[in-house]
Structures are given as C-alpha cells and as structure tokens.
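Here the structure comes first, spelled out in structure tokens, and everything after it is commentary.
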Amino acid sequence: MPCSGTMMKKLFEWAIDKGNDERLSLLQKVSLFKGLSNKLLLKLMVDLVEKEYRQGELIFAEGDTGKALYIILNGSVEIGKRCGNEDRILATLSTGSFFGELALIDQVPRFASATARETTTLLIMYKSYFDDLIRADTAISSRLLLNLVELLATYVRKNHAAYSCDRDEKS
C-alpha cells in the first residue's frame, strides 16, 4: 500500500529528528518494552506523541477517563490522590518511568492525578494507537501484552502481600 504525502512527510521528519537516539535509548530501559528489538522499538516510536508540560501543569486529573500511557522522557511527575480534605503524594516519577498503563487495557476513571513537578517532556501512547497495534502488529503487541500481564501480576502480588493474613498474625 503506497504512503500518502502527509505520511511520507511525517516519516521523513521523524527520520531526521536528532532526538530519536535519546528516545530509543530511553525506551530500551522501560520495562513495559522489554524484549522488543531496536527495530520494533523504532517502529513503535514513530507514532508516539511527544508533549511538554510546564511545572505544575496537570497531565490528567483523578476521575478523568484514562486514554493514554505516559513515558517520562525528561523531567519528573508527581502522582497524587485526594483523600478527604488532603492531597496525598503517592509517587514521584522521573526520567524513564511510565504511568497510566492501565488505560491501555480499559478506559476506567483515573485512580489519581498526575502533575509535572518541573518542565517535563512525555512520550504518549494513546489507547487508540495501542488498539491498532494489537490488531496489526503481532510482534510488538504480543510482547507488550505479556509485559502488561507481568506488570499487573506484580500489582496483584503487592496488594496480596499488603493484605496477607500472615502479616496480621505477625503484628
């Protein structure tokens, strides 16, 4: 299938972008993308959206519908949750971290808010792009799905350990 003029322009601009080496190096270290070859990572990178957020800028709010996964290219992000009358910081994430991954599976409301702690550049994978990958590129999608399942299993184990009966007996 031939490429349209717009697509060719996008691919050309992307190919000469000097920041691609930095992005590739970062994605190689992101656990969600483990097992993907450089060739597959480059293919994946073409359609990731890069966006800069100013210090204090809201990336998404608690309760928003999840629509994307975010990877921190540079800067840092604070994940916070409103608990009663106070705001609690659940995590501070830095370069190479990712968040919002559950939005790739379903579009339930966000559990917490994400805010840029400083000027921060994010790579964004929208759920629609992920869904297209699942349908069209089995080499990438099967690896990403396996990595997502491993990540979810880790979340379940962590919660299981936090609420384990053995823990209560030792207290």
Distance violations [Cα-Cα > 26 Å] among LYS51/LYS158; LYS39/LYS158; LYS29/LYS158; LYS29/LYS81; LYS43/LYS81: LYS51/LYS158; LYS39/LYS158; LYS29/LYS81; LYS43/LYS81
At 0.36 nm per residue, minus the direct Cα-Cα distance, what do SER94 and LEU152 gain on full extension? Give it in nm, one decimal, please. 18.8 nm
Once the other residues with Cβ under 10 Å from the Cβ of LEU122 are scored (Lys, Arg +1; Asp, Glu -1), what is the net sum? -1
Taking the stretch 7-163 and dividing mean pair separation by its residue count, relative contact order in percent (alpha carbons under 8 Å, at least six apart): 29
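Coordinate-derived values only; no laboratory data. Note that the coordinates shown come from a computational prediction; the quantities given were computed from them, not determined experimentally. Note that we place each Cβ from the backbone using ideal geometry, even for glycine, and neighbour counts take in every protein chain shown.
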